[in-house]
Structures are given as C-alpha cells and as structure tokens.
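Trainee: What follows is a single structure, and I will ask about it in a moment.
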C-alpha cells in the first residue's frame, strides 16, 4: 500500500482556481485558510503549446496568498512542468 505524504513546502504545485485559471508555483506554506505561493505563474495555451506568464504583473512581492475558498484543486505539478517552471523562474536548467 502506498502512503500519500501530501504536499509539502518547497514543492512545485499546480492549482486550479474557481475562476478557471490554472497556476503553477512553489508552495511556501499551506494553512487552514490560505496557501502562500512563491513566484506564481499563470498557465495558458499558446499556438506552440503551454505557456507560463506572471500571475500578477504588478505585485511588489514574489510571494502571494490565495484563500482556500478560491481553490478547486491543488496537486504536485508534473515533473516536466515543474522543471520548466524552475528553469523559467531561476534560470537553472534541469537535465
């Protein structure tokens, strides 16, 4: 039997919001009321496939909070998406 350890701080997560938007970010903290996300990116479909752009263009902080009431689902991001996110936000290419 597999044991689900849940999602922990530092993991790259994919979040579906009630607005229909999907965002990818590094999870900083998950409390009973909200999740704190580091450098969240909005996921969109482009002619060449999936694209990522800043979730909030004018935020002065790299960390934002999203209330649980606004979230439909949260999951650890697929490895390929997490690698692309890390490369785009840190400049480090994952091999």
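The values are calculated or read from the model by the stated rules, or taken from the named source; none is laboratory data. In this text, all values refer to a predicted model and were calculated from it rather than measured experimentally. With ideal geometry, Cβ positions are generated from the backbone for all residues, glycine too; neighbour counts draw on all protein chains shown.
Trainee: What single numbered condition from (1) over 12 Å from residue 77 (Cα atoms); (2) modelled with pLDDT of 95 or more; (3) in contact with a strand residue (DSSP E or B) (Cβ under 6 Å, 6 or more places away or on another chain) fails to hold for residue 9?
Mentor: It is condition (2) that residue 9 fails.
Trainee: Now, a different point. Within segment 57-72, track down each residue that is surrounded by fewer than 13 Cβ atoms within 10 Å (Cβ to Cβ) and farther than 14 Å from residue 27 by Cβ.
Mentor: 57, 58, 59, 60, 61, 67, 69, 72 - these are the residues of segment 57-72 that are surrounded by fewer than 13 Cβ atoms within 10 Å (Cβ to Cβ) and farther than 14 Å from residue 27 by Cβ.
Trainee: Further, regarding this structure: Looking at segment 22-44, which of its residues are loosely packed, with under 13 Cβ neighbours inside 10 Å and in contact with a helix residue (DSSP H, G or I) (Cβ under 9 Å, 6 or more places away or on another chain)? Even if it seems obvious, please write down each step before you answer.
Mentor: Within segment 22-44, the subset loosely packed, with under 13 Cβ neighbours inside 10 Å is 29, 31-33, 44.
Across segment 22-44, the qualifying residues are 31, 32, 33.
Trainee: Still on this model: Against the condition touching a helix residue (DSSP H, G or I) at 6+ places or on another chain (Cβ under 7 Å), farther than 13 Å from residue 11 by Cα and surrounded by fewer than 18 Cβ atoms within 10 Å (Cβ to Cβ), how does residue 80 come out, does it pass? First the steps, then the outcome.
Mentor: Numbers: touching a helix residue (DSSP H, G or I) at 6+ places or on another chain (Cβ under 7 Å): no; farther than 13 Å from residue 11 by Cα: yes; surrounded by fewer than 18 Cβ atoms within 10 Å (Cβ to Cβ): yes.
No: the conditions fail for residue 80.
Trainee: Are there strands (runs of 3 or more DSSP E) fully within the chain with at least 3 residues that are touching a residue at least 24 places away in the same chain (Cβ under 8 Å) and under 14 Å from the mean Cα position of the chain (by Cα)? List them.
Mentor: 12-17, 22-30, 34-46, 63-67, 71-76
Trainee: Separate question: Suppose the filter is in contact with a strand residue (DSSP E or B) (Cβ under 8 Å, 6 or more places away or on another chain) and either surrounded by fewer than 14 Cβ atoms within 10 Å (Cβ to Cβ) or closer than 14 Å to residue 82 by Cα (or both); does residue 19 pass it? Outline the logic, then answer.
Mentor: Numbers: in contact with a strand residue (DSSP E or B) (Cβ under 8 Å, 6 or more places away or on another chain): no; either surrounded by fewer than 14 Cβ atoms within 10 Å (Cβ to Cβ) or closer than 14 Å to residue 82 by Cα (or both): yes.
So residue 19 does not fit the description; no.
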